[in-house]
Amino acid sequence: MNLIFNLKKTTFILLFILTTGFCLSQKAEVKSQKVIIKTSTQCGMCKDKVEGVLNFTKGIVYADLDVPTQRLTVKFKPNKISLIELKNKIANIGYDADDVKAKEEDVKKLPKCCQPGAHFKKN
Ligand SMILES: [Cu+2]
């Protein structure tokens, strides 16, 4: 009787440990998020610059800029870098990122050809 009871208890504890462990491992798994950000980039140099910075930023899985549409696709880990931090990072390089506008001083640091209006009118 006592043996059966102990066996039940052991099974219960084992099951408990397994479920807890499973839940914890699920939580620890980092889910990455994908966003498309509208930027003020204009050419291949802008592309190299933005991708160069972002692809070496912690928490960013990859960054890919489509030059003709100015759309930047970023896959990132929200627990490492937030969307606003990401946009600020782009703005710091000198480009607008959606609602986050680049500062005048940062825009002026860009090569002349990459500054707004160099290739086409800023909209
Ligand atoms: Cu450029």
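What follows draws every value from the coordinates through simple rules; no lab data is involved. Because the structure is predicted, anything quoted here is derived from the model rather than measured. As a convention, Cβ positions derive from the backbone with ideal geometry for all residues, glycine included, and neighbour counts pool all protein chains shown.
Scanning for something part of a strand (DSSP E or B), surrounded by fewer than 21 Cβ atoms within 10 Å (Cβ to Cβ) and hydrophobic (A, V, I, L, M, F, W, C), does region 64-73 turn up at least one residue?
No: region 64-73 contains no residue that is part of a strand (DSSP E or B), surrounded by fewer than 21 Cβ atoms within 10 Å (Cβ to Cβ) and hydrophobic (A, V, I, L, M, F, W, C).
Take the residues in region 70-88 that are within 9 Å of the chain's Cα centre (by Cα) and of a type in the set (A, V, I, L, M, F, W, C); name whichever of them is nearest to A102 (Cα to Cα).
Looking at residues that are within 9 Å of the chain's Cα centre (by Cα) and of a type in the set (A, V, I, L, M, F, W, C), I get L86.
Pairs needed: first member in region 91-114, over 20 Å from D64 (Cα atoms); second member anywhere, assigned to a helix (DSSP H, G or I) and within 14 Å of the ligand (Cβ to nearest atom); C-beta distance under 8 Å; at least 6 residues apart or different chains.
D106/I93; P111/M45; C113/M45
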